[in-house]
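J.: Below are the structure tokens for one structure; questions will follow.
The values are calculated or read from the model by the stated rules, or taken from the named source; none is laboratory data. Since we're looking at a predicted model, the values are computed, not measured. Virtual Cβ from ideal backbone geometry, glycine too; neighbours counted across all protein chains shown. Just the protein is used for accessible areas: all its heavy atoms, side chains included, with ligands, DNA and RNA removed. Shrake-Rupley method; radii C 1.70, N 1.55, O 1.52, S 1.80 Å.
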Amino acid sequence: MLKELNIKNFAIIDQLRVEFGPGLNVFTGETGAGKSIVVDALNLALGERASTDLIRTGSQEAVVEAAFELNSHGSAAVPSILSEQGIEMRPGEDLIVRRVIAASGKNKVYINGSLANLAALAAVGTHLADIHGQHEHQSLLSLERQMEMLDSFGGLNDLRQTVAGGFYRLQELREQLAALEAGEREKAQREDLLRHQKNEIEAARLKEGEDEALANEQKLIANSEKLAGLSRTVDEALYSSEGAVLSGLKKAITNLREIAAIDGRLSQTLELLESGRTQIEEAARDVSSYAERVEFDPRRLEDIGDRLDLIQKLKKKYGHAIAEIIAFGSKAAEELATIERSGEEMERLRKEIAGIKSDITVKAQELTKKRKAAAQELEKKVEEELGHLGMKKTKFTARISEEPGDDTLDGRRMGPRGADRVEFLIAPNPGEEPKPLAKTASGGELSRIMLALKTILVEGDSIPTLVFDEVDAGIGGGVAEEVGRKLKRISDRRQVFCITHLPQIASLAASHYGVAKSVKKDRTSTEVRLLGRKERVDEIARMLGGKTITEATIKHAEEMIERGAR
């Protein structure tokens, strides 16, 4: 509910701070006192567009602040909406909205201290309050709102959500199918390319590190004659020639052995030579064996060259390394498999689309049937309520026609709300054709129609705060009392604000605010005050008797307040 409203330099309001409570809040005052300015300010707090004309003369900016307490009604959805805008709310925290209207045109919106855009505030505002009266912000004129009211009255919200879910799913599937069908030619070309790439890479049977091993083998075969010659030279030097190292070393060891037998000081030297001879013999055998294995194989050399050329060509096409080529081939194979499955996917999508179309067609037909039944019942109830509100001869119609849309199901146009278009029409006078509310209903009539609807829908409606501006236009007497009772009944479950000229309504208020205009230092200013008991009596007496207030009018006012309290 709305807890507090702070207004500064707005229209003819200099500075104003008002706190509100639950139940029925009534504003009264003489004509022209500025009662509707408070509603205009609340409109800004709910996200209505602002004009610099609203800035008080001589000021650079106007400021409107509103504090809302979130409850279990429609405002419970506000935290999730704000979360999408990056604004978080703690449990139990009030929602603080601040609008700054600058003469420079640089207006600002703050929600709980964070900068926000007007669209976000408007989205939040639809869950906080509904204003009805002679203002642009009249949800009753919205066809979407009219459908919501009818569906709420008929208990059809869940069925409508089912239809909407199926409709959006159908759109999603159709987009997927269109994307697949639109790329058929490109897909065929891509399929040929991928298949060629996949086959070429697979045919090569590449192994990681293969290119390095082949390059090394190529180098060895190309230098085989040189390697064979060098290895034979080493073999001769170590073992096979007359002056080989091993031959001379054997003689040295024999002589040194004789010396060591006489003089043991060279025993260690003898061990070193014997160890060296063993290692040199092993090295000589390795060299000899190597020399026998080295051979020139021109066929193998040619095969290696061809293989390396193939690898090099693949590197130019698919990657700088064999690992990259293999990865490219795997990716091509995966994409090719996806394309090959696309035909199956299109067939699956077509079947699913057909199934959903059939399902939502049945659901939409059911929704239409139930809407028509609900519309007939709603028409009777609204006309009955309007009769109590001074509009006895008014004909109210909830017309259901075909939904204007681009999609067609079962020969009817289809949208997320079904195949129907709901529009409320009235004929205020007998013999007239019912016409849309926007073309026929006055501000007072709209307020009373909304009051009738709210009385009927109060259980199912989710808006926590309702504002009725001049709901009493053109009525009086017993009708006024009936309007007051209906407002009081609604205020048992919702916070209600009402601007009224009728004492019958004002006497029922839980909180009564007086609106007065005064002139200070040649400046006109509007003030709003919560009236005490005596002030309420005086104000209702004024509303009863005008400028002439007698003891009788004061007593009558006291009786009305007491009766309203009961």
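J.: From the list 206, 159, 150, 173, exactly one residue is surrounded by 16 or more Cβ atoms within 10 Å (Cβ to Cβ), touching a strand residue (DSSP E or B) at 6+ places or on another chain (Cβ under 6 Å) and at pLDDT 90 or above. Which is it?
T.: Result: 150 is the single residue among 206, 159, 150, 173 that is surrounded by 16 or more Cβ atoms within 10 Å (Cβ to Cβ), touching a strand residue (DSSP E or B) at 6+ places or on another chain (Cβ under 6 Å) and at pLDDT 90 or above.
J.: Scan (1) touching a residue at least 60 places away in the same chain (Cβ under 8 Å); (2) part of a loop (DSSP other than H, G, I, E, B); (3) surrounded by fewer than 24 Cβ atoms within 10 Å (Cβ to Cβ) for the single condition residue 508 breaks and write down its number.
T.: Failed condition: (3).
J.: Scan (1) more than 17 Å from residue 280 (Cβ to Cβ); (2) open to solvent by 90 Å² or more (accessible area, probe 1.4 Å) for the single condition residue 250 breaks and write down its number.
T.: (1)
J.: Identify the single condition in (1) at pLDDT 90 or above; (2) loosely packed, with under 14 Cβ neighbours inside 10 Å; (3) not hydrophobic (A, V, I, L, M, F, W, C) that residue 22 does not satisfy, given that it satisfies every other one.
T.: (2) is the only condition that residue 22 fails.
J.: Given the structure, is residue 27 touching a helix residue (DSSP H, G or I) at 6+ places or on another chain (Cβ under 6 Å), closer than 19 Å to residue 513 by Cα and among the aromatic types (Phe, Trp, Tyr)?
T.: Judged against the criteria, residue 27 is a match.
J.: Do you know which of the residues in segment 294-309 that are of a type in the set (Lys, Arg) and touching a residue at least 12 places away in the same chain (Cβ under 8 Å) is surrounded by the most Cβ atoms within 10 Å (Cβ to Cβ)? Spell out how you get there, then give the answer.
T.: Here is the first cut: in segment 294-309, the ones of a type in the set (Lys, Arg) are 299-300, 307.
With the extra rule that they be touching a residue at least 12 places away in the same chain (Cβ under 8 Å), the set shrinks to 300, 307.
Values: 300: 13, 307: 16.
Among those that are of a type in the set (Lys, Arg) and touching a residue at least 12 places away in the same chain (Cβ under 8 Å), it is 307.
J.: Hey, another quick one. Does segment 185-233 hold any residues that are more than 26 Å from residue 312 (Cβ to Cβ), polar (S, T, N, Q) and touching a residue at least 24 places away in the same chain (Cβ under 8 Å), and which are they?
T.: The one that is more than 26 Å from residue 312 (Cβ to Cβ), polar (S, T, N, Q) and touching a residue at least 24 places away in the same chain (Cβ under 8 Å): 231.
J.: Tell me yes or no: at least one residue of segment 310-320 is assigned to a loop (DSSP other than H, G, I, E, B) and either touching a helix residue (DSSP H, G or I) at 6+ places or on another chain (Cβ under 7 Å) or under 30 Å from residue 148 (Cα atoms) (or both).
T.: Looking through segment 310-320, at least one residue is assigned to a loop (DSSP other than H, G, I, E, B) and either touching a helix residue (DSSP H, G or I) at 6+ places or on another chain (Cβ under 7 Å) or under 30 Å from residue 148 (Cα atoms) (or both).
J.: So which residues in segment 512-555 are crowded, with 18+ Cβ neighbours inside 10 Å, of a type outside the set (A, V, I, L, M, F, W, C) and out of contact with any Lys or Arg (no Cβ under 9 Å at 6 or more places or on another chain), if there are any at all?
T.: Answer for segment 512-555, where residues must be crowded, with 18+ Cβ neighbours inside 10 Å, of a type outside the set (A, V, I, L, M, F, W, C) and out of contact with any Lys or Arg (no Cβ under 9 Å at 6 or more places or on another chain): 536, 539, 542.
J.: Considering only segment 526-536, I want to know if a residue exists there that is of a type in the set (Asp, Glu) and either touching a Pro at 6+ places or on another chain (Cβ under 9 Å) or part of a helix (DSSP H, G or I) (or both).
T.: Looking through segment 526-536, at least one residue is of a type in the set (Asp, Glu) and either touching a Pro at 6+ places or on another chain (Cβ under 9 Å) or part of a helix (DSSP H, G or I) (or both).
J.: Let me ask something else about it. Look at residue 514 and say whether it is assigned to a strand (DSSP E or B), touching a helix residue (DSSP H, G or I) at 6+ places or on another chain (Cβ under 6 Å) and modelled with pLDDT of 85 or more. Walk me through it before giving the result.
T.: Numbers: assigned to a strand (DSSP E or B): yes; touching a helix residue (DSSP H, G or I) at 6+ places or on another chain (Cβ under 6 Å): yes; modelled with pLDDT of 85 or more: yes.
Against the criterion (assigned to a strand (DSSP E or B), touching a helix residue (DSSP H, G or I) at 6+ places or on another chain (Cβ under 6 Å) and modelled with pLDDT of 85 or more), residue 514 qualifies.
J.: Given the criteria open to solvent by less than 10 Å² (accessible area, probe 1.4 Å), of a type in the set (Gly, Ala, Ser) and more than 28 Å from residue 523 (Cβ to Cβ), does residue 125 qualify?
T.: Spelling it out, residue 125 is indeed open to solvent by less than 10 Å² (accessible area, probe 1.4 Å), of a type in the set (Gly, Ala, Ser) and more than 28 Å from residue 523 (Cβ to Cβ).
J.: From the set of residues in segment 210-242 that are open to solvent by less than 40 Å² (accessible area, probe 1.4 Å) and of a type outside the set (Asp, Glu), which is nearest to the chain's Cα centre (by Cα)?
T.: The residue in question is 214.
J.: Which of (1) under 48 Å from the mean Cα position of the chain (by Cα); (2) of a type in the set (Ser, Thr, Tyr); (3) assigned to a loop (DSSP other than H, G, I, E, B) is the odd one out, the single condition residue 548 does not satisfy?
T.: (1)
J.: Using the structure shown, decide if residue 321 is modelled with pLDDT of 90 or more, under 30 Å from residue 481 (Cα atoms) and open to solvent by less than 60 Å² (accessible area, probe 1.4 Å).
T.: On the way: modelled with pLDDT of 90 or more: yes; under 30 Å from residue 481 (Cα atoms): no; open to solvent by less than 60 Å² (accessible area, probe 1.4 Å): yes.
When the stated conditions are applied, residue 321 does not pass them.
J.: Quick test for you: out of 327, 291, pick the one residue that is surrounded by 13 or more Cβ atoms within 10 Å (Cβ to Cβ) and in contact (Cβ under 8 Å) with a residue 40 or more places away in the chain.
T.: Unique residue meeting the criteria: 291.
J.: Could you tell me whether residue 355 is small (Gly, Ala, Ser), more than 30 Å from residue 484 (Cα to Cα) and at pLDDT 90 or above?
T.: When the stated conditions are applied, residue 355 passes them.
J.: Filtering segment 38-59 down to residues that are within 19 Å of residue 517 (Cβ to Cβ) and small (Gly, Ala, Ser), which residue is surrounded by the most Cβ atoms within 10 Å (Cβ to Cβ)?
T.: Here the residue is 41.
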